[in-house]
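A short worksheet on the structure shown next.
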Amino acid sequence: MDFNTFLFYLFTATSVIYITHLGFYLIGASLYDVWQARRRMRFHMPQSIVRLHPNVTVLVPAHNEEKVIERCLQSIFKNSYSNFDVMVVNDASTDATKHIVNLYRKLHPEYKLRVIHRHMNTGKGAALNYALGRYVKSKFVMMLDADSVLASDAIERAISYFSDPTVVGVAANVQVMNQHTTLSILQKFEHMIGYRAKKTYSLTNCEFVVGGVASTYRTKSIRAIGFYDTDTMTEDISLSMKIVARGNKANRLVYAADVMAMTEPVESFRGLFRQRYRWKYGSFQNILKHNQLIGKNDQNYTSMLTIYRLPMALLSEILLLLLPFTWAYAVYLMVMHNSLILLLGTYITMTAYMFLTLWYDEHLRFRERLYLTLYVPLAYFIFYIMDVIQVMAVTLCVLRAHRLVQRHSSGSIWHSPSRIGGQVIGVPATNSVQVMEKTHE
C-alpha cells in the first residue's frame, strides 16, 4: 500500500467516524431531551427526594481567588434549596482570599458558612480530601470551583436525581461566561457541543467523566472509595473513574442538563494550551490506571462503557494526532480536483450541527441565542484554533508518555490561573471587598 492510498483510507475512516458520531449524538441528545421533559413533569411529585430535604454541603476549594470567591459565595447562598451549608477550603492563599471570606462570614451571620484555612499549598485534591475526611457530615456533597457560579435552583435540581438509588454522582451543565472575545466564544461553543454529547453518554449509561464544577455525590459513596486520588493531573476524572470502576450499573454517573453552573473562560492561548494539556494528560493517566475496564465483559458494567466509550476516548486522541495528515490530504484532494465541494460539505454539516446545538440549549435566553447565532457561520473556522491547541496538547502527552505509567502524587502544588472577576447577571454585586478596602484606608 502506497502512502497516497494510506491517506485515502485514513481520511475516509476518520470522516465516517466523525459523521457517525454526529448522528449518534443528535439522536441520543434528542431522546435525552424527551426523557428530561417527562422528568420535569414529575419533578415536584411527593416521592421526589427533594421533599425530604437531605443536608448538602457545598465544598469550595480556593487558592488565590480574591477576584472571584465572593461572587461564587453569593451565587450559592441565592439557591432555593433550604438545607445546605458551605465550606471554603482556603489552601494557603497568598492574596486576600482569606480576608475576603472571613469578612464575608462576619457580614452574613445568617449563612451557614465554614472556612477551613490550610497553611500549606497541598493541591486541590488534597485540600478537598482534608475537608471531606474531617468536616463533611452531610448525606450529599457538591464541589464547586471558586471561579464558577451556581444557578439559583442548581442544588435542588441536582439532589432530585438521587431519587434513583443507583445514581452516585451528578454532572452539572457548565457554560462559559460571556466575555465577547474570540477565545471565550470558541470555548462557549465547545462547551455547548461537548455537554450535548454528555446527554447521549448519560442516556446510554457510559459516562465516566464528571468535572469539578458543581459535581454532586453521595458522601458515603465517595468515602467508600477513599475520596480523591492525588497521583494524576485531573483529580475530578480520577474520582469519577474510581466510582465507575466499582461497576457502573449499580454506581451510575448521570449528566443533569437542568443543573446549571457558569465558569470563567481561559483568557489566553497559552492558558488554554496549559488547560487542555492538563485535561488530556490527566485523562490518559486515569484511563491507563483503569485499563482493565476496556473491553471488560462483566455483568456489573454496561457494554457501552467498556466496549464503546472507553476505547473511543483513546481512539479520539489518536485521531487528533492524525489530524494534520487528514487536513493535508483534504487540501490535496481540493487542489487536485480544483473543487471546494469537500470543504463546503464539511462546513455545512458542522455549521448546521452547531446551529442545532445552540438553539436546542435549555438555558440560553432568546437574545443570547440571537447574538451567538451571528458567530455560527464563522465558528467552523474558529474551531481550527482549538484543533491546533488540541493537537499540540496530545503531541506533548505522547512525548511524555513514559511518565504516564509512573504515577506519583501530583497534588503538592496548586497554581490557580488568572481570573477575570466582575459581576455575573443574576448574581448580586459583592460588597466585602469594598468594606475591606475602606477598613484599610
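The values are calculated or read from the model by the stated rules, or taken from the named source; none is laboratory data. Please read all numbers here as calculations on a predicted model, not as lab measurements. As a convention, Cβ positions derive from the backbone with ideal geometry for all residues, glycine included, and neighbour counts pool all protein chains shown. Each accessible area value is taken on the protein alone, full model and side chains, heavy atoms only, with ligands, DNA and RNA left out. Shrake-Rupley method; radii C 1.70, N 1.55, O 1.52, S 1.80 Å.
Here the condition is being in contact (Cβ under 8 Å) with a residue 24 or more places away in the chain, β-branched (Val, Ile, Thr) and part of a helix (DSSP H, G or I); of Ile318, Ile287, it holds for Ile287 alone.
Once the stretch 326-381 is narrowed to residues that are acidic (Asp, Glu) and surrounded by 12 or more Cβ atoms within 10 Å (Cβ to Cβ), the residue that is modelled with the highest pLDDT is Glu368.
Selection of the stretch 264-284 for residues being part of a helix (DSSP H, G or I) and over 19 Å from Gly212 (Cβ atoms) yields Phe269, Arg270, Phe273. Among the criteria (1) under 19 Å from Val209 (Cα atoms); (2) open to solvent by 60 Å² or more (accessible area, probe 1.4 Å); (3) in a loop (DSSP other than H, G, I, E, B), the one Gly295 does not fulfil is (2).
Tell me yes or no: at least one residue of the stretch 21-30 is assigned to a loop (DSSP other than H, G, I, E, B) and open to solvent by less than 70 Å² (accessible area, probe 1.4 Å).
No.
Restricted to strands (runs of 3 or more DSSP E) entirely inside the stretch 130-226, those with at least 2 residues that are among the β-branched types (Val, Ile, Thr) and touching a residue at least 40 places away in the same chain (Cβ under 8 Å) are 167-176.
How many of the residues making up the stretch 109-134 are farther than 23 Å from Ala171 by Cα and open to solvent by 30 Å² or more (accessible area, probe 1.4 Å)?
Our first condition is that a residue be farther than 23 Å from Ala171 by Cα; within the stretch 109-134, this holds for 109-122, 134.
Those left that are additionally open to solvent by 30 Å² or more (accessible area, probe 1.4 Å): 109-112, 114, 117-122, 134.
Of the residues in that region, 12 qualify.
Of all the numbered requirements in (1) at pLDDT 95 or above; (2) open to solvent by 10 Å² or more (accessible area, probe 1.4 Å), Tyr195 misses one, and that requirement is (1). Can you confirm whether Lys249 is part of a helix (DSSP H, G or I) and surrounded by fewer than 23 Cβ atoms within 10 Å (Cβ to Cβ)? No, not satisfied.
Of the candidates Ile69, Ile19, Ile27, Ile49, the single residue that is β-branched (Val, Ile, Thr), at pLDDT 85 or above and in contact with a helix residue (DSSP H, G or I) (Cβ under 7 Å, 6 or more places away or on another chain) is Ile69. Filtering the stretch 83-125 to residues that are in a loop (DSSP other than H, G, I, E, B), touching an Asp or Glu at 6+ places or on another chain (Cβ under 9 Å) and farther than 18 Å from Glu66 by Cβ leaves Tyr111, Lys112, Met120, Thr122, Gly123.
May I ask you to say which residue of Thr263, Thr306, Thr234 is of a type in the set (Val, Ile, Thr), without any contact (Cβ under 8 Å) to a residue 40 or more places away in the chain and open to solvent by less than 20 Å² (accessible area, probe 1.4 Å)? Break it down into steps so the answer makes sense when it comes.
Working: Thr263 fails: without any contact (Cβ under 8 Å) to a residue 40 or more places away in the chain; Thr234 fails: without any contact (Cβ under 8 Å) to a residue 40 or more places away in the chain.
Going through Thr263, Thr306, Thr234 in turn, just one is of a type in the set (Val, Ile, Thr), without any contact (Cβ under 8 Å) to a residue 40 or more places away in the chain and open to solvent by less than 20 Å² (accessible area, probe 1.4 Å): Thr306.
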